[in-house]
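Chemist: Next up is a structure, given as structure tokens.
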Amino acid sequence: MKPHFLAACITSALVLSVGCSQSSESQSTITPVKAEASSLSPLEHEARIKLATLKSMMDEARNKNIDVTREETLEWFSEQFLTFASWDEANPAAIEAAFGYERYYAKDKEKLALDLPGFERQKVIDILDKGIDELGQELRGEIKRRPVNKVDWQGTKAGDNMFISNGKPIFPYDYFSKSVGQPLTNTDVYNDHLGALYHGGENLYEVDHDRAINSFLLKEDGTFDQDLMKELTDIPDTNIGFLYYWIMGIPEWVEEQEPEVRKGRSLFTGFDIDNPLARDVWGKIIRRTGELTKGKKVTELGFVLANEPHWFAEKDFWTARFDEMTSISSYTLNNFRHWLSDKYAGDLASLNTNWGSNFASFDDVQIDIPIDSALLGKPIWYDWTRYNMDRSTNWFAFMQSELHAVNGDADTHIKIMPRMFMDNVRSGGIDTEALAELTTMVGHDAKSFGSENIRPGKSSKWIEKYAYNWGYVAMFHDFMESVAPNKININSESHFLSSGQWRDLDTRPSYVRSVYWLATLLGMDANMGWFWARDPDGSPEDRLEGELDFFDPGLAGAYAGSNNMQPQVTNEVTQVMFDLNSFSEEIIELREQPRPLRLFYSETTAINTDDYMTKEYALYEDLFFEGLPLGFVTKNIIEKQDNSAWDTVVVYNNPNVNDAEFSALQSYLDQGGTIILDAISLRLNEYGQTRKQTLKASKGKLITLDANADIAKIKQVALTEVADSMPDVMLKEDNSEPFKTTTWRTVKQPDGSYLVNILNVGHNTVALDLSLSNAQKVSITNMMTSNAMGSSFELASEGVLLLKVTPQ
């Protein structure tokens, strides 16, 4: 383990980093950092002068009882990144190697490594300039900010649908995959600046050993590996946190007893989930770890049942390079046969008709896996895809039931990839709705794109209209919140800052603020960002230096161009979380409004067509900028939730629905609901067979559209139907474009005023006119600054406003 970075000293009124020492065993390519006053680069010299200025202003502010939590974090990150820049400058070969592992940067790796220290120092100067300006405004009485509501890392509790800290809602934050190798008690890594959630079992390699809950805990003789278990039980019971069931590997002794155990594996699930021995192993592990951690603070944010689960069984899919789902086990095949027998109610003739087969019995059914995508829309495609979803839901139900057998209060969630819902592909074995219903918390790793996709051939069409890919965040959250409105929503690996598909070294702080604000407004209660990989001395964490007998070039590539090299990004993450937590009650109030307009979602159509989500998103996008919260309904939502919670359901582009989905829609009309129905929906069942029944208005209102009705027409009809639920506060937008880019939410307060949140996700500054629907005059206060505003104002690209609007 490398020694921690030495403390700073003060020389000539400048705070100077005094250099980190490495152990005698360090590789010769890693150079200790030493900094003397005379050897500081001009940029670091300038940064340290500004740091001294900021500190002096902070002292003045404290004397005036002005909260300086924001500035304390700014100071901390500035110091950290000046240290990082010095390390990077002293170790160009290591930084060049990191850039080289990411193919997007590889050709320029030498120049990028050379330029990085100066880039980091300049960005420190930039954030210091902004912080000095903002604190100066408060010191001069030009603005008044609300003091920061800090996360209580020891005492925060999970409520029914939010976390509570000191009697108020709170949004915990941290990083997933954080400085592996550093102890949880290291306050240079676990603090208010980076977050201080304790965690276990999050390593990205096969044989986890750092606070892990994995397959290797159970030995062949049925006893537990106490050394591995100690990594879990030794987690201090001081801070709240989360635990992972890391199901990536499987012991050799299991494979020896069950040669099929790896058939049907996937990237982060290293075994066949239908295998009885694998289930037995994991049942015992879950029960024992559930017992040992019962009531511990590290479980306050729940157990993550899986990391990005998927079982793509489609021929020539991108997962083929990981050798995923190239075959299925006898257990999976037999379970599929039983599923088919139940689905067809024992009617083998119907199965043979649908499949064009001549099986003598259900026990004789065979299927080629991976399945050919040319079969999409055919009954065999539907049956396998639907079964693949059901079997994974069954696996997670098993995991949860084992945990709840010994710890009934344990919270659970699953890190579901948004692509499993947002993309058109449904061959991955994930029913997003079913899993959101199953677990006690909603889990995912929602992402966004702050700039164009860096992968050749990948579309970034959204950038023609918007500053960032807000829709991937918004639509996914609106769906999850519609399915599970009363559950905590946890993003356990937020890819808002970078991902395998995008990163931008010069990422805009305004983007960071906007995307975190949007996600939290739409339901995100806690987030662990991807990723923090710096040790306190500035060096990359142990996994990236091979100190854990493991090196992952993919992880090294993720380090390049990430927030680990971006002071402007990392600082802004914490700054926006400070502001969100300072206005947590207002954010919750804005979030928990009714969703009067709902879009009908059918998994049946999604399975049977290749463009369902593309078309669904087009309608969602057009409705998003009208000032009212959007939602979804499904068969289950109609059957399980209060139908009076919405006014109108739009059924658009849903040609295939099963009988249960059709019946749910008819039941909604029978109860007096309103449905807007396009010309192609509900005509076919799950097997593409024509449905004889049609919806009847009954006690409700059924508006049927002709075949010429486009999205603009559907939008017009839908907004007319929910006119009585439209917000009292209206925005008129001029952004010099033929489309809208400003979204707003509003909620009336007990005193007659309105709380209003506005975000501009477009490229251009927008001119806005705010008014009330009754034309009454208003006074407006910017709640972030406490300053009065006029009713006509501008909002920059990626700008965020939180306003109090009071009728006069």
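The values are calculated or read from the model by the stated rules, or taken from the named source; none is laboratory data. Here the structure is a predicted model, which means the values were calculated and not measured. Note that each Cβ is placed from the backbone with ideal geometry, even for glycine, and that neighbours are counted across all protein chains shown. For accessibility, only protein heavy atoms count, side chains too; no ligands or nucleic acids. Shrake-Rupley method; radii C 1.70, N 1.55, O 1.52, S 1.80 Å.
Chemist: Tell me which aspartates and glutamates have Cα within less than 13 Å of residue 296's Cα, excluding those fewer than 8 residues away on the same chain?
Modeler: 234, 237, 409, 411
Chemist: Grab the Cα-Cα distance for residue 796 and residue 347, subtract it from 0.36 nm times how many residues apart they are, and report the gain in nm with one decimal.
Modeler: My answer for the length gained is 155.4 nm.
Chemist: Going by Cα centres, region 56-121 and region 440-460 are how many Å apart?
Modeler: Here the answer is 25 Å between Cα centres.
Chemist: In debye, nearest 20: dipole of region 585-696 around its Cα centre with unit charges on the Cβ of K, R (+) and D, E (-)?
Modeler: Approximately 600 debye in magnitude.
Chemist: OK, next. Excluding residues on the same chain fewer than 8 positions from residue 699, give the aspartates and glutamates whose Cα lies under 13 Å from its Cα.
Modeler: 670
Chemist: Putting +1 on Lys and Arg Cβ atoms and -1 on Asp and Glu Cβ atoms, find which of 170, 112, 69 reaches farthest to the positive end of the dipole of region 67-214.
Modeler: Going by the charge dipole, the pick is 170.
Chemist: Please give me the summed charge of the neighbours of residue 796: other residues whose Cβ is under 13 Å from its Cβ, Lys and Arg +1, Asp and Glu -1.
Modeler: 0
Chemist: Could you sort 107, 415 by their accessible area in this structure, using a 1.4 Å probe and putting the largest first?
Modeler: 107, 415
Chemist: Rounded, prolate or oblate: which fits region 313-434 when a ≥ b ≥ c are the square roots of the eigenvalues of the alpha-carbon gyration tensor, with rounded for a/c under 1.5 and prolate only if a/b beats b/c?
Modeler: It is oblate, given that a/c is not under 1.5 and a/b is not larger than b/c.
Chemist: Given points 7 Å out from each Cα along the Cα-Cβ axis, report the residue 645 to residue 460 separation in nanometres with one decimal.
Modeler: Distance between label points: 3.8 nm.
Chemist: Once you place label points 7 Å from the Cα toward the Cβ at residue 696 and residue 452, how far apart are they in nm?
Modeler: That separation, rounded to one decimal, is 5.7 nm.
Chemist: Counting DSSP beta bridges with both partners in the chain, what percentage is antiparallel, nearest 5?
Modeler: Counting only bridges with both partners in the chain, antiparallel ones make up about 55 percent.
Chemist: Can you give me the distance in nm between label points at residue 220 and residue 776, each placed 7 Å from the Cα along the Cα-to-Cβ direction?
Modeler: 7.8
Chemist: Work out, step by step, the length gained on full extension between residue 133 and residue 748: first 0.36 nm times the residue separation, then minus their alpha carbon distance; give nm to one decimal.
Modeler: 218.1 nm
Chemist: Can you tell me how much longer the chain between residue 593 and residue 294 gets when fully stretched, taken as 0.36 nm per residue apart minus their C-alpha distance, in nm with one decimal?
Modeler: 104.2 nm
Chemist: On to the next question. Shape of region 572-695 from its Cα gyration tensor (a ≥ b ≥ c, root eigenvalues): rounded if a/c is under 1.5, otherwise prolate when a/b > b/c, or oblate?
Modeler: prolate
Chemist: Next up: Per-residue counts of other Cβ atoms within 10 Å, averaged by peptide: what ranking do you get for 164-174, 648-658, highest first?
Modeler: Working: 164-174: 19.5, 648-658: 24.1.
Result, highest mean Cβ count within 10 Å first: 648-658, 164-174.
Chemist: Before anything else, pin down the relative contact order of region 287-443: Cα pairs under 8 Å, at least 6 apart, normalised by residue count, whole percent.
Modeler: Values: 181 pairs, mean separation 58.4, N = 157.
Relative contact order, region 287-443: 37 percent.
Chemist: Please give the calculated 222 nm ellipticity per residue for the chain, where each DSSP H segment of at least 4 residues contributes -39500 (n - 2.57) and the sum is spread over every residue; nearest 500 deg cm²/dmol?
Modeler: Numbers: 23 runs with 287 residues, N = 808.
After summing the helix terms and dividing by the residues of the chain, the value is -11000 deg cm²/dmol.
Chemist: To the nearest 20 debye, what is the magnitude of the charge dipole of the chain about its Cα centre, counting +1 on the Cβ of each Lys and Arg and -1 on the Cβ of each Asp and Glu? Provide the component values of the computation, followed by the final result.
Modeler: Numbers: 77 positive and 121 negative charges, 385 e Å.
In total the dipole reaches around 1840 debye.
Chemist: Please enumerate, by chain and number, the lysines with C-alpha under 21 Å from the C-alpha of residue 777, excluding those fewer than 8 residues away in the same chain.
Modeler: Residue 777 reaches 732, 748, 804.
Chemist: Next question, about the same structure. Out of 283, 485, 298, whose Cα points farthest toward the positive end of the dipole of the chain (charges: +1 Lys, Arg; -1 Asp, Glu; placed on Cβ)?
Modeler: Value: 485.
Chemist: Using the Kirkwood formula on the Cα atoms of region 509-609, what hydrodynamic radius do you get, in angstrom to one decimal?
Modeler: Values: mean 1/r = 0.0589 Å⁻¹.
Result for region 509-609, one decimal place: 17.0 Å.
Chemist: Ok, one more. Once Lys and Arg get +1 and Asp and Glu get -1 on their Cβ, which of 749, 229, 125 lies farthest toward the positive end of the dipole of the chain?
Modeler: Checked the options; the winner is 749.
Chemist: With every protein chain in place, what's the accessible area of residue 322 (1.4 Å probe, Å², nearest 10)?
Modeler: Surface open to solvent at residue 322 totals about 70 Å².
Chemist: Loop by DSSP (not H, G, I, E, B), at most 16 other beta-carbon atoms within 10 Å: where is the longest site-free stretch of the chain for GluC sites (Glu not before Pro)?
Modeler: The longest such stretch corresponds to 221-451.
Chemist: Counting only protein chains, not ligands or nucleic acids, how are 617, 244, 101 ordered by accessible area (probe 1.4 Å), most first?
Modeler: Reading off the accessible areas and sorting them downward yields 101, 617, 244.
Chemist: Over 19 Å between Cα atoms, which of 378/696; 50/130; 465/740; 157/294; 465/615; 615/715 qualify? Intermediate values should be presented prior to the final figure.
Modeler: Details: 378/696 29 Å; 50/130 11 Å; 465/740 9 Å; 157/294 15 Å; 465/615 17 Å; 615/715 14 Å.
Table pairs above 19 Å Cα-Cα are 378/696.
Chemist: For the cross-link pairs 111/415; 415/640; 415/713; 123/178, which exceed 26 Å when the distance is taken from alpha carbon to alpha carbon?
Modeler: Beyond 26 Å: 111/415; 415/713.
Chemist: Still on this structure, please answer the following. Classify region 44-118: rounded, prolate or oblate, from the alpha-carbon gyration tensor (a ≥ b ≥ c, eigenvalue square roots; a/c under 1.5 rounded; otherwise prolate if a/b is larger than b/c)?
Modeler: Judged from the Cα gyration tensor, region 44-118 comes out prolate (a/c at least 1.5, a/b above b/c).
Chemist: Now for a separate question. So, taking all protein chains as they sit and a 1.4 Å probe, how much accessible area belongs to residue 426, in Å² rounded to tens?
Modeler: Looks like 10 Å² after rounding.
Chemist: Contact order normalised by length for the chain, with contacts defined as Cα pairs under 8 Å and 6 or more residues apart; what percent is it?
Modeler: 12
Chemist: Taking the Cα centre of region 309-380 as origin, sum charge times position over the Cβ atoms of Lys and Arg (+1) and Asp and Glu (-1), and report the length of that vector in debye to the nearest 20. Kindly include the intermediate steps, with their values, before the conclusion.
Modeler: Working: 5 positive and 10 negative charges, 22 e Å.
Dipole size: approximately 100 debye.
Chemist: If you count only protein heavy atoms and use a 1.4 Å probe, how large is the accessible surface of residue 50, to the nearest 10 Å²?
Modeler: Spelled out: residue 50, probe radius 1.4 Å, area about 40 Å².
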